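J.: To start, I am sharing the structure in question, which I have written as structure tokens.
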Amino acid sequence: MPGPIITEGDRVTFRTVERDDAAHLQRSSTDPRVRYSLGSIHHRSLGEQEDGIEHWVEQDGSFVTVVCADAEDAPAGHPDDDETTPIGSFSARHVDGDRAWLAYWLLPEHIGEGYGRDMATTGIDYVFEHYDLRGISAGAYEFNDASRGLLEDMGFTQVARRREARYIDGDYYDEVRYDVLRDEWMAEHGDGET
């Protein structure tokens, strides 16, 4: 059964993560099209994913959600088309500190459909509205042009590069780090209030 709705964007809905979401979330560690872009190098069984939900979702200082397509956007005939269809995940770690660390992913079949930007802006708006953060940081591997482009288009600034930061599928890759300050985000996306 889907968890309660937390917030909504133009095309996406964020809801709480429940144990029933384990199979959906498992794709982030098993589907190479998702896991390599996240730098996930270890597979997780369904049981490990279920156990992990309690650890990483319920951890203090974490905001973790399942991202769903709005009912109007659900594929015709999909079993969840009368509610919402899970299409990815959005999380922010360390929301109880000065700067949160952002992570998000979409299922490959939904990439390029306009969900990514709505998911990212909706999540960042929510985090800045509900947590007293100075800024938000994020990272993307050098080969992930889509994620890097999205961060840059949304106003994130490249602040560092960790050379050969992760060994993925037989090679080392750089991690490019970004951040955006609350004032910068609000000036670009908000109502100007901070």
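The values are calculated or read from the model by the stated rules, or taken from the named source; none is laboratory data. This one's a predicted model, so the numbers in the text were calculated from it and none came from an experiment. Using ideal geometry, Cβ is built from the backbone for each residue, glycine included, and neighbour counts are taken over all protein chains shown.
J.: Looking at the range 105-114, which of its residues are farther than 16 Å from D10 by Cβ and either over 14 Å from the mean Cα position of the chain (by Cα) or not in a loop (DSSP other than H, G, I, E, B) (or both)? Steps first, please.
T.: Going through the range 105-114, the residues farther than 16 Å from D10 by Cβ turn out to be 105, 107-109, 111-112.
Passing the criteria: W105, P108, E109, G112.
J.: Hey, could you check the range 114-154 for residues that are among the charged types (D, E, K, R) and touching a residue at least 24 places away in the same chain (Cβ under 8 Å) and say which is farthest from I5 (Cα to Cα)?
T.: E142
J.: Just name the residue that is surrounded by the most Cβ atoms within 10 Å (Cβ to Cβ) out of those in the range 120-137 that are more than 28 Å from Y172 (Cβ to Cβ) and within 14 Å of the chain's Cα centre (by Cα).
T.: G123
J.: Where the second residue is of a type in the set (F, W, Y) and not in a helix (DSSP H, G or I) and the first is touching a residue at least 60 places away in the same chain (Cβ under 8 Å) and farther than 12 Å from P86 by Cα and lies in the range 6-23, which pairs have Cβ atoms under 9 Å and are six or more apart or on separate chains?
T.: Between residues of the range 6-23 that are touching a residue at least 60 places away in the same chain (Cβ under 8 Å) and farther than 12 Å from P86 by Cα and residues that are of a type in the set (F, W, Y) and not in a helix (DSSP H, G or I), the close pairs are I6/F14; I6/F63; T7/F14; E8/F14.
J.: Against the conditions (1) surrounded by fewer than 17 Cβ atoms within 10 Å (Cβ to Cβ); (2) outside any helix (DSSP H, G or I); (3) modelled with pLDDT of 90 or more, where does R117 fall short? Just the number, please.
T.: (2)
J.: Have a look at D125, D132 and point out the one that is closer than 20 Å to G61 by Cβ and not in a helix (DSSP H, G or I).
T.: Working: D125 fails: not in a helix (DSSP H, G or I).
Sole residue among the options that is closer than 20 Å to G61 by Cβ and not in a helix (DSSP H, G or I): D132.
J.: Could you list, in sequence order, all residues of the range 138-165 that are assigned to a strand (DSSP E or B), surrounded by 17 or more Cβ atoms within 10 Å (Cβ to Cβ) and not aliphatic (A, V, I, L, M)? Talk me through it step by step, then tell me what you get.
T.: Of the residues in the range 138-165, the ones assigned to a strand (DSSP E or B) are 138-141, 157-165.
From what's left, surrounded by 17 or more Cβ atoms within 10 Å (Cβ to Cβ): 138-141, 165.
Passing the criteria: G139, Y141.
J.: Within the range 30-49, is even one residue touching a strand residue (DSSP E or B) at 6+ places or on another chain (Cβ under 9 Å), at pLDDT 90 or above and either within 30 Å of D174 (Cβ to Cβ) or part of a strand (DSSP E or B) (or both)?
T.: No, there is no match, as no residue in the range 30-49 is touching a strand residue (DSSP E or B) at 6+ places or on another chain (Cβ under 9 Å), at pLDDT 90 or above and either within 30 Å of D174 (Cβ to Cβ) or part of a strand (DSSP E or B) (or both).
J.: Something else: Considering only the range 2-14, I want to know if a residue exists there that is modelled with pLDDT under 85 and in a loop (DSSP other than H, G, I, E, B).
T.: Applying the first criterion (modelled with pLDDT under 85) to the range 2-14 yields 2-3.
Adding the requirement that they be in a loop (DSSP other than H, G, I, E, B) leaves 2-3.
So far as the range 2-14 goes, yes, one or more of its residues are modelled with pLDDT under 85 and in a loop (DSSP other than H, G, I, E, B).
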